[in-house]
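The values are calculated or read from the model by the stated rules, or taken from the named source; none is laboratory data. Small disclaimer: the values here were computed from a predicted structure and weren't measured. FYI the Cβ positions are ideal-geometry reconstructions off the backbone, even for glycines, and counts take in every protein chain you see.
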Amino acid sequence: MSERAPVRQETDPADQRLDLSAAVKEAAIAALVAFGLFVLMIGIRTDQGPTGALVLTTRFGALAAIVAAVFVAALLRATIWRELVVAIERLVPATVRTGLSGVSGCAAIAFLIFALILPVIFYSNRYLLDLGILIVTYTMLGFGLNIVVGLAGLLDLGYVAFYAVGAYSYALIAQTFGLSFWICLPLAGILAAFAGILLGFPVLRLRGDYLAIVTLGFGEIIRLILLNWQSLTGGPNGISGVPRPSFFGLPFNTSSEGFAATFGLQYSPTHRVVFLYYVILALALLTNWVTLRLRRLPIGRAWEALREDEIACRALGINTTNTKLTAFAMGAMFGGFAGAFFATRQGFISPESFTFGESALVLAIVVLGGMGSQLGVAVAATVMLGGFELFREFDQYRMLVFGAAMVAIVIYRPRGLVSTRAPSVSLRTRKDIPAAIVQGARTETPA
Amino acid sequence: MNAVSILTVEHLTMRFGGLVAVSDLSFSAHPRQITALIGPNGAGKTTLFNCITGFYKPTVGRLLLAHPDGATFLLERLPEFRIAKEARVARTFQNVRLFAGMTLLENLLVAQHNTLMVASGFTVLGLLGSRTYAHAEADAIAKARYWLDRVGLADRADDPAGALPYGAQRRLEIARAMCTDPVLLCLDEPAAGLNNRESAELNAFLRTLRDEHGISILLIEHDMGVVMEISDHIVVLDYGLKIADGAPHDVRNDSKVIAAYLGVPEEEFERAGAEVGL
């Protein structure tokens, strides 16, 4: 669809006359496909009858309505859709059309200010604060994965493994040795980075789809280890009673040494939530700062060069082994930080929190946000997780809407929300590079 | 002419299964000279390049590289990135391999990766914002700018490499190779796809590299105009075998070279075949 639309626009106006019979034929085929899909799903339904036996009910009316709707939609698409798209595109101002890049500077600052004052505005709204923490956690995971996928171009489907390693490292170290959050956090990050290097070694030769499969397997291996190493991880029961964070030694409780008593405040459980929010926000901003900084350093440029052309990198004397391993380690480290935070926030962790679905969600955030773009990742995390919450009441249809949104994005913005690449250095004017020229994580040429 | 050669290839053989791409090849390239490798398609020229730059490990043979300061490297024992980094052999590719989504300037900075890595304290100092790194980066940009100027692309420094026309991409690839401070520059068909004016400019540019910068150049080229005009020394390959080696004038009149390129009359076929060892 997306392929054909621009081509049609270029054709002679004479050829653009409505070809009604072809349009009807196309719509009829679409209706037929819809009929085949829905005849069993919607047309027939089994219910439990009064005697307990199954009763077959038919809903041919609903089926006919769906098929008719598909027919009409397909007919519209084949006839006036093109003009509609052109009209809509004309309505959208040029600044928006050229991508978010033009306004990204202001947008990023506005976004940041909003994130900073969110707990002040919604202090009494516990639900929103929790949602904020969730969104910022996934933004941080997105930033971390962005180093591996967006910059180095290594498609990683098992990112949740590092999240899990961070979470379990924190929980076990904090519980066993009674160390504070701020000591355990770097340790969890370092252990996750080691896991990243461990994963990196066997997959050095792989790229694209093959790498994706191996990392997917790695994610599952970690989950299965957590599930089966009962003596260490508690198996499916997980680890409960993970130490909660304290405000630099002051616990959030009602005791006289607590945070509230020390500062002469009325005790409120919200104190901890706000503190947690700022902790994860600080971690996410640290990740962002480090990533932006790394992009301007030789290692960051080497990652991007690796994404663009690995063979040329080797011909220029870049040790691609080390470069890939540092990308894996760096991404994994930030995943580990986020995992440690997750463990201390939840107070309870189990392998159920680290399924493939989480990896897919983080990858979806990175891809939708635009690979390599920090603002895009933050926006995508907000839209996706916010969207999940928004549609929570429409429980059954939530995934349906989510799926439709994904399809729409893939068709209309295949390179993500922010698809241009900002150069890391410039002589005179910094010009964004259009997405069409930049290599994606998957469009690789194997050696 | 220097008595010591910069690159000595001894008894190099490269087999791929049953196919012998390069067979018992020996020759040497001299410092501050342009050595051209010519031969019909499939003669093994690019295979030889891949052996020299470490992308292939030769089946048999020795590749000795001698720096002007006396340091020597056995290239067949080094992985490709160390050949570029330590032995300082730079190369370009037959089908241009640029970092298309990065700007021209970024392309040239990636080429200076190893110098900048050290200056950035292997990222740690750079992350903390050290002055040393800022200076090193400024130097690297100055060097990139110099080479962009030399290849006439200075005004496009901030454009993505993928947006350049073909001829400019080839020039950029040479500039990028030069940013690695090579001792030996290996160019795989630099004039392919260039028009007459561009290829004349390329000739002049390669001469200045040799004369002003003291670079030794190893060149694969099909364009005989380019080869005969700028080479100091020509090695001719055919079916993986060396069939001639010498100054342009001698090679041009060599009967085996003529035979390889143009074919031979039937009565001479067996004699010529015996001479080239077939």
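Output the number of the condition that A:Val273 fails; it satisfies all remaining conditions of (1) more than 29 Å from B:Gly129 (Cβ to Cβ); (2) crowded, with 20+ Cβ neighbours inside 10 Å; (3) away from chain B (no Cβ under 14 Å).
(2)
Has the stretch B:91-107 got at least one residue that is more than 9 Å from chain A (Cβ to nearest Cβ) and without any contact (Cβ under 8 Å) to a residue 40 or more places away in the chain?
Looking through the stretch B:91-107, at least one residue is more than 9 Å from chain A (Cβ to nearest Cβ) and without any contact (Cβ under 8 Å) to a residue 40 or more places away in the chain.
Within the stretch A:328-351, which residues are of a type in the set (Lys, Arg) and within 14 Å of another protein chain (Cβ to nearest Cβ)? Talk me through it step by step, then tell me what you get.
So the first thing to find is which residues in the stretch A:328-351 are of a type in the set (Lys, Arg), and the list is A:345.
None - no residue of the stretch A:328-351 is of a type in the set (Lys, Arg) and within 14 Å of another protein chain (Cβ to nearest Cβ), so the list stays empty.
Go through (1) within 14 Å of chain B (Cβ to nearest Cβ); (2) at pLDDT 75 or above; (3) within 30 Å of A:Cys184 (Cα to Cα) one by one and return the number of the condition A:Ser359 breaks.
(1)
If I filter the stretch B:151-170 down to residues being touching a helix residue (DSSP H, G or I) at 6+ places or on another chain (Cβ under 8 Å) and more than 19 Å from A:Glu308 (Cβ to Cβ), which single residue comes out as surrounded by the most Cβ atoms within 10 Å (Cβ to Cβ)?
Among those residues, the one meeting the criterion is B:Val151.
Among (1) hydroxyl-bearing (Ser, Thr, Tyr); (2) facing chain A (nearest Cβ under 9 Å); (3) within 25 Å of A:Arg430 (Cα to Cα), there is one condition B:Thr53 misses while meeting the rest; what is its number?
Going through the list (1) hydroxyl-bearing (Ser, Thr, Tyr); (2) facing chain A (nearest Cβ under 9 Å); (3) within 25 Å of A:Arg430 (Cα to Cα), B:Thr53 breaks only (3).
Mind checking whether some residue in the stretch B:54-63 is surrounded by fewer than 15 Cβ atoms within 10 Å (Cβ to Cβ), modelled with pLDDT of 85 or more and of a type in the set (Lys, Arg)?
Yes - at least one qualifying residue is present in the stretch B:54-63.
Inside the stretch A:247-261, can you point out the residues that are crowded, with 19+ Cβ neighbours inside 10 Å and either in contact with a Lys or Arg (Cβ under 7 Å, 6 or more places away or on another chain) or part of a strand (DSSP E or B) (or both)?
Result: A:Phe252, single match.
Go through the stretch B:226-252 and give me each residue that's among the small types (Gly, Ala, Ser) and touching a Gly at 6+ places or on another chain (Cβ under 8 Å). If you could, list the steps in order and put the result at the bottom.
In the first step, residues of the stretch B:226-252 are kept if they are among the small types (Gly, Ala, Ser); the result is B:231, B:240, B:244, B:246-247.
Across the stretch B:226-252, the qualifying residue is only B:Gly240.
If I filter the stretch B:97-134 down to residues being surrounded by fewer than 24 Cβ atoms within 10 Å (Cβ to Cβ) and among the charged types (D, E, K, R), which single residue comes out as nearest to B:Asp158 (Cα to Cα)?
B:Arg97
Could you tell me which of the residues A:Leu145, A:Leu128, A:Leu155, A:Leu179 is part of a helix (DSSP H, G or I) and touching a helix residue (DSSP H, G or I) at 6+ places or on another chain (Cβ under 7 Å)?
Details: A:Leu128 fails: touching a helix residue (DSSP H, G or I) at 6+ places or on another chain (Cβ under 7 Å); A:Leu155 fails: part of a helix (DSSP H, G or I); A:Leu179 fails: part of a helix (DSSP H, G or I).
Answer to the selection: A:Leu145.
Hey, could you check the stretch B:82-102 for residues that are of a type outside the set (A, V, I, L, M) and touching a Lys or Arg at 6+ places or on another chain (Cβ under 8 Å) and say which is modelled with the lowest pLDDT?
Among them, the one singled out is B:Gly101.
What number goes with the only condition from (1) polar (S, T, N, Q); (2) crowded, with 23+ Cβ neighbours inside 10 Å; (3) within 30 Å of B:Arg170 (Cα to Cα) that A:Ser359 does not pass?
Tallying (1) polar (S, T, N, Q); (2) crowded, with 23+ Cβ neighbours inside 10 Å; (3) within 30 Å of B:Arg170 (Cα to Cα), A:Ser359 fails exactly one: (3).
Yes or no: the stretch A:317-327 includes at least one residue that is buried (at least 24 other Cβ atoms within 10 Å of the Cβ), among the aliphatic types (A, V, I, L, M), more than 10 Å from chain B (Cβ to nearest Cβ) and touching a helix residue (DSSP H, G or I) at 6+ places or on another chain (Cβ under 9 Å).
Among the residues of the stretch A:317-327, at least one is buried (at least 24 other Cβ atoms within 10 Å of the Cβ), among the aliphatic types (A, V, I, L, M), more than 10 Å from chain B (Cβ to nearest Cβ) and touching a helix residue (DSSP H, G or I) at 6+ places or on another chain (Cβ under 9 Å), which makes the answer yes.
Taking B:Leu209 as the residue in question, decide whether it is within 30 Å of B:Ala71 (Cα to Cα), in contact with a Leu (Cβ under 8 Å, 6 or more places away or on another chain), outside the structural domain of B:Pro40 (by TED's automatic domain parsing) and surrounded by 23 or more Cβ atoms within 10 Å (Cβ to Cβ).
No.
Run down A:Ala167, A:Ala174 and say which single residue is closer than 12 Å to A:Phe337 by Cα, surrounded by 19 or more Cβ atoms within 10 Å (Cβ to Cβ) and in the same structural domain as A:Ser246 (by TED's automatic domain parsing).
From the options A:Ala167, A:Ala174, the qualifying one is A:Ala167.
Kindly indicate the residue of the stretch B:135-144 that is surrounded by fewer than 22 Cβ atoms within 10 Å (Cβ to Cβ) and not acidic (Asp, Glu) and also nearest to the other protein chains (Cβ to nearest Cβ) among those meeting that condition. Can you show your working first?
Of all residues in the stretch B:135-144, those surrounded by fewer than 22 Cβ atoms within 10 Å (Cβ to Cβ) come to B:135-139, B:141-143.
Right, trim to not acidic (Asp, Glu) and you get B:135-136, B:138, B:141-143.
On the way: B:His135: 14, B:Ala136: 9, B:Ala138: 11, B:Ile141: 7, B:Ala142: 10, B:Lys143: 13 Å.
Here the residue is B:Ile141.
For the condition out of contact with any Cys (no Cβ under 8 Å at 6 or more places or on another chain), in the same structural domain as A:Leu185 (by TED's automatic domain parsing) and not in a helix (DSSP H, G or I), what is the one hit in A:Leu276, A:Leu294, A:Leu265?
A:Leu265
Is it the case that the stretch A:253-271 has a residue that's at pLDDT 80 or above and among the aliphatic types (A, V, I, L, M)?
Checked the stretch A:253-271: no residue is at pLDDT 80 or above and among the aliphatic types (A, V, I, L, M).
Residue-wise test of (1) of a type outside the set (Lys, Arg); (2) surrounded by 17 or more Cβ atoms within 10 Å (Cβ to Cβ).
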residue	(1), (2)
A:Leu224	yes, no
A:Gly241	yes, no
A:Pro245	yes, yes
A:Phe263	yes, no
A:Arg293	no, no
